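See structure below.
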Amino acid sequence: QVQLVESGGGLVQPGGSLRLSCAASGSIMSINTMAWYRQVLGKQRELVASIASGDSSEVVDSVKDRFTISRDSAKNTVFLQMNSLKPEDTAVYYCKAHILLKFQIGWRDYWGQGTQVTVSS
């Protein structure tokens, strides 16, 4: 019913930049908060940034001033601009969206499949 497809990950040198995208598709009535999480193998998934439907956003302290979250609500897409990347930013990045489907009661969280970001020289 719903698909979240991420793109934009890859290998980048320290100090470099990447822009992640996540597009939601399917029988969507409305999307509230969209967010990016990341997970390192063996560790818990952690929130990186989130953005509400009114475009108010939050970014965790560890990436503040380097990462920016934005969205194109008309295209059900969320972006994560990552600058000044560090080796410790290496992780699988996941997007999550809080979605109300057509013909369904109640909001639910949906996740993308993840995209690998590797920061290494």
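Scanning the stretch 1-39 for residues being of a type in the set (A, V, I, L, M) and closer than 10 Å to residue 78 by Cβ gives a total of 7. In summary, strands (runs of 3 or more DSSP E) completely within the stretch 1-45 and bearing 3 or more residues that are among the aliphatic types (A, V, I, L, M) occur at 2-7, 18-26, 28-39. Exactly one condition in (1) within 15 Å of residue 75 (Cβ to Cβ); (2) assigned to a strand (DSSP E or B) is false for residue 53; which is it? Just one mismatch for residue 53, condition (2).
Kindly provide the set of residues from the stretch 1-19 that are of a type in the set (A, V, I, L, M), more than 12 Å from residue 85 (Cα to Cα) and open to solvent by 60 Å² or more (accessible area, probe 1.4 Å), ordered by number. Listed by number, the list holds a single entry, 5.
Taking the criterion of being closer than 18 Å to residue 99 by Cα and not in a strand (DSSP E or B), the residues of the stretch 56-85 that qualify are 56, 73, 74, 75, 76. Which of the following residues is of a type outside the set (Lys, Arg) and at pLDDT below 95: 103, 67? Unique residue meeting the criteria: 103. Checking each residue in the stretch 86-121 for being assigned to a loop (DSSP other than H, G, I, E, B) and under 13 Å from the mean Cα position of the chain (by Cα) picks out 112, 113, 114. Within the stretch 58-68, restricting attention to residues that are open to solvent by less than 60 Å² (accessible area, probe 1.4 Å) and farther than 15 Å from residue 8 by Cβ, the residue that is nearest to the chain's Cα centre (by Cα) is 59. Of the candidates 71, 108, 45, the single residue that is open to solvent by 40 Å² or more (accessible area, probe 1.4 Å), in contact with a strand residue (DSSP E or B) (Cβ under 7 Å, 6 or more places away or on another chain) and without any contact (Cβ under 8 Å) to a residue 40 or more places away in the chain is 108.
Of the residues making up the stretch 23-42, just one is open to solvent by 60 Å² or more (accessible area, probe 1.4 Å) and at positive phi, namely 42. Which one of 100, 85 is in contact (Cβ under 8 Å) with a residue 40 or more places away in the chain and within 17 Å of residue 69 (Cβ to Cβ)? Result: 85 is the single residue among 100, 85 that is in contact (Cβ under 8 Å) with a residue 40 or more places away in the chain and within 17 Å of residue 69 (Cβ to Cβ).
The values are calculated or read from the model by the stated rules, or taken from the named source; none is laboratory data. Quick caveat: nothing in here was measured; it's all calculated off a predicted structure. All Cβ positions, glycine included, derive from the backbone under ideal geometry; neighbour counts span all protein chains shown. Remember, those area values only see protein heavy atoms, side chains included, never the ligands or the DNA or RNA. Shrake-Rupley method; radii C 1.70, N 1.55, O 1.52, S 1.80 Å.
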